[in-house]
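The values are calculated or read from the model by the stated rules, or taken from the named source; none is laboratory data. Being a predicted model, the structure only gives us computed values, none of them experimental. Neighbour counts run over all protein chains shown; Cβ positions are idealised from the backbone, glycine included.
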Amino acid sequence: MTETIDQSSLIKDIMTYPVLSVTLNQTVSYVLRLAKEKNVTGFPVVDVDQNVIGVVSTLDLITGVAVGKLHLKLGELPLVIKVEKEVVKLSPDTPVKDALLYLIKKRVGRIIITNDDNKLCGIVSRKDLINYFIDINGLG
């Protein structure tokens, strides 16, 4: 790669929005179908006020399926949902460089973008960062 990350690039410039999110009352089977239909690998989990309370990945859900829990609601799978674990959340005004460092350090597939009130604004995935690097290096 010949280019480095533009120091002025912010997450809001590369994040995906609007964001597909799920709630704890949705079933595992519904969320898996949604992931397949929308070709995504994870979702922010929000409450009724759109506050981010966690994140769930298709890998988490496949784990639930493997133990015969496909029919359950997300809220009934507390060990599968990463609600109690650290959810990587950043502000829309965070530099892209910091988002990349978080993805590497935390070994996560996505970063949830929230405003100061913890409301969902966007998401930055590995795919978003790949597209960013393709763009800045003229590989598209």
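Name the residues in the stretch 29-48 that are touching a residue at least 60 places away in the same chain (Cβ under 8 Å) and either part of a helix (DSSP H, G or I) or under 17 Å from Asp117 (Cβ atoms) (or both), would you?
Pro44, Val46
Within the stretch 73-80, does at least one residue satisfy the condition of being over 24 Å from Tyr30 (Cα atoms) and either modelled with pLDDT under 95 or surrounded by fewer than 19 Cβ atoms within 10 Å (Cβ to Cβ) (or both)?
For the stretch 73-80, residues over 24 Å from Tyr30 (Cα atoms) and either modelled with pLDDT under 95 or surrounded by fewer than 19 Cβ atoms within 10 Å (Cβ to Cβ) (or both): absent.
Looking at the stretch 99-140, which of its residues are assigned to a loop (DSSP other than H, G, I, E, B), under 15 Å from the mean Cα position of the chain (by Cα) and of a type in the set (D, E, K, R)?
Within the stretch 99-140, Arg107 is the sole residue that qualifies.
Here is a yes/no grid of residues against (1) touching a strand residue (DSSP E or B) at 6+ places or on another chain (Cβ under 9 Å); (2) at pLDDT 90 or above; (3) loosely packed, with under 13 Cβ neighbours inside 10 Å; (4) within 27 Å of Asn131 (Cα to Cα):
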| position | (1), (2), (3), (4) |
| --- | --- |
| Leu10 | yes, yes, no, yes |
| Leu59 | yes, no, yes, yes |
| Lys82 | yes, no, no, yes |
| Pro95 | yes, yes, no, yes |
